[in-house]
């Protein structure tokens, strides 16, 4: 069993989020200087800005990059979703959901935040509502597994995750989202 498969199983990302672990580790680095390391604990303050992500991408392929939070009232919350990413250049992808960092409620303990990359067979015309980073609307009751099934994305090719709990930044994030 690969290290990524082992960590995804140990932290129940498999089966809570996806049925099969990705085969490669996704490198996720935040502007604050912290890196995601298979379940390490980061703070909402450290992860408030969109991270840089990289993986061993085929330059002539297209990908979908997702970040989901599976620990919100027994459902997933869509934090970031970008489709039709050429190679590994997320900035040139189709932003379906603008990035929103971690925002666990007080006294709810550690929450998991999962990054996944799927290789698309071709460009996709996504019929999803485009979500901005200043509204909570449309982000709850998400399922990356159902999304992947809907668009025939198969299993994720790369992934990573971290955990976070409430800190002083969360009220500012809630204000930004109108919560």
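The values are calculated or read from the model by the stated rules, or taken from the named source; none is laboratory data. Owing to the predicted nature of the structure, the values given are computational and were not obtained by experimental measurement. Because the Cβ atoms are built from the backbone with ideal geometry, glycine has one as well, and the counts that use them run over all protein chains shown.
Details
- Scope segment 139-166; condition part of a loop (DSSP other than H, G, I, E, B) and buried (at least 17 other Cβ atoms within 10 Å of the Cβ); matching residues: 139, 151, 153, 156, 157, 165, 166
- Selection of segment 1-11 for residues being touching a residue at least 12 places away in the same chain (Cβ under 8 Å) and either assigned to a loop (DSSP other than H, G, I, E, B) or under 17 Å from residue 154 (Cβ atoms) (or both) yields 2, 4, 5, 8, 11.
- Check on residue 19, loosely packed, with under 13 Cβ neighbours inside 10 Å, closer than 14 Å to residue 116 by Cα and in contact (Cβ under 8 Å) with a residue 12 or more places away in the chain: yes
- Here segment 22-34 is the region considered, the condition is being within 14 Å of the chain's Cα centre (by Cα) and farther than 13 Å from residue 114 by Cα, and the residue that is surrounded by the most Cβ atoms within 10 Å (Cβ to Cβ) is 30.
- Residue 47 vs. criteria touching a residue at least 40 places away in the same chain (Cβ under 8 Å) and farther than 16 Å from residue 169 by Cβ: no
- Filtering segment 51-65 to residues that are assigned to a loop (DSSP other than H, G, I, E, B) and touching a strand residue (DSSP E or B) at 6+ places or on another chain (Cβ under 7 Å) leaves 51, 55, 56, 57, 61.
- Single residue of segment 59-87 satisfying the filter (surrounded by fewer than 22 Cβ atoms within 10 Å (Cβ to Cβ), out of contact with any helix residue (DSSP H, G or I) (no Cβ under 8 Å at 6 or more places or on another chain) and more than 14 Å from residue 142 (Cβ to Cβ)) that is modelled with the lowest pLDDT: 59
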